[in-house]
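Q: Structure provided below as structure tokens; questions to follow.
Please treat every number below as a calculation from the coordinates, not as lab data. The structure displayed is predicted, hence computed values, not measured ones. Positions of Cβ are generated from backbone atoms using ideal geometry, with glycine treated the same way; all protein chains shown enter the neighbour counts.
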Amino acid sequence: MTDAALASHHIASIEEQAANWVVMLDDEVVDASTRAACDRWCAQDPRHAQALEAMRRMWQAVNPDTPLPRTNALQKPTVRRVAGLLVVLPCAIWIAQSLPWRYWLADERTAVGETRELTLADGSHITLNSDSAVDVDLRDGKRRVRLRRGEVYVEVAQGAAPFAVIDRDGAAVALGTRYAVRRDEHDTLVTVDESRVQLRPREARDAGVVVAAGQQARFDRQGVTMPVADAAPGALAWRQGRLVFQDVPAREVLRELARYRPGVLLIDDEALEGLRFTGVLPTTQSDQALALLASALPLRISRVSPWLVRVTASDSSSRSPTVR
């Protein structure tokens with residue numbers, strides 16, 4: 001390999017390492033040791049800090065909270081580099097916004113419609129719901145499961161260190177053994193099956209809220225968004241392949257069912273206004289679930305393709321809907 005080729009290979013390696021640091025520093029929880037390690041890497045070679053700066057600026061266009069290690073050795077980018085960034089930046093933004101990198105790179109994940117049980121090294125058991133992803137950290141005495149997407153049910157084994165499920169909004173720390181954590185669009189739902197769980201919103205200053213067995217609560221970064229209340233009937237029945245509903249609006253039933261169905265389920269919210277459902281639907285047979293729902297309510301199901309289905313009210317929905 002020529003000197004020029006070696007230099008090019010070395011630069012590519014630096015850029016790859018810089019990209020890895022940016023991703024790690026963009027995590028919801030970054031410990032001091034990780035920041036210190038990045039600072040040491042930047043101090044090894046001025047080109048390290050320069051590469052991190054370039055990668056960070058591309059990433060910051062999507063997430064402005066990415067930390068930047070301080071350095072006084074940053075050089076002014078050349079015209080060629082600026083032109084290159086102008087070409088690469090739109091692509092980087094589109095990729096970062098459109099592709100579920102953290103889901104793909106997670107330690108464990110499930111596909112749509114799949115659930116999976118796992119045993120961790122400490123003896124704890126976790127069950128991933130449909131379309132879910134977690135990272136597991138049992139290093140240095142820690143016991144953490146970081147929920148990247150979807151829902152996880154945990155059965156905590158006894159151990160010296162506390163067990164916590166962590167996500168974008170904060171942590172749900174086990175004070176007992178069995179509970180579920182679900183990451184929704186705007187907040188996080190915690191349902192306790194046995195013993196107690198303490199909710200610790202990421203930016204809240206007060207003491208965490210405790211949720212007892214048979215209860216559930218929602219929280220976001222700032223605090224509790226739904227006060228502690230009795231858990232909905234069958235809230236954890238998805239572990240047995242069932243969805244249980246009691247007097248729930250039809251549109252919410254369909255949104256829940258869509259979590260277990262590949263493709264797109266189009267829901268006509270306005271037409272479904274006033275329709276409510278009580279019953280049990282399977283999670284593993286979504287077509288059958290839609291048929292069961294249509295047999296109980298005046299619905300019209302239009303299948304554009306196996307991956308695109310539209311649900312609206314049938315013409316007969318003008319009469320009082322049947323609720324079962």
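Q: About its Cα centre, what dipole magnitude does segment 241-318 give when the only charges are +1 on Lys and Arg Cβ and -1 on Asp and Glu Cβ, stated in debye to the nearest 20?
A: 300 debye
Q: Expressed in nm to one decimal, what extension gain is obtained for the pair Ala207 and Glu16 from 0.36 nm per residue of sequence separation less their Cα-Cα distance?
A: Taking 0.36 nm per residue and subtracting the Cα distance, the gain is 64.7 nm.
Q: Also: Just want the ordering: Leu118, Leu272, Leu189, from fewest to most Cβ atoms lying within 10 Å of their own Cβ.
A: Leu118, Leu189, Leu272
Q: For each of Arg143, Arg221, Arg178, count neighbouring Cβ atoms within 10 Å of the residue's Cβ, then give the residues from fewest to most.
A: Lowest to highest Cβ neighbour count: Arg221, Arg178, Arg143.
Q: Here's something else I'd like to know. If each residue's Cβ is checked for other Cβ atoms within 10 Å, how do Met55, Met24 rank with the fewest at the top?
A: Fewest to most other Cβ atoms nearby, the residues stand as Met24, Met55.
Q: Hey, another quick one. Multiply the residue gap between Ala229 and Thr278 by 0.36 nm, knock off their C-alpha separation, and tell me the result in nm, one decimal place.
A: So the extension gain works out to 15.6 nm.
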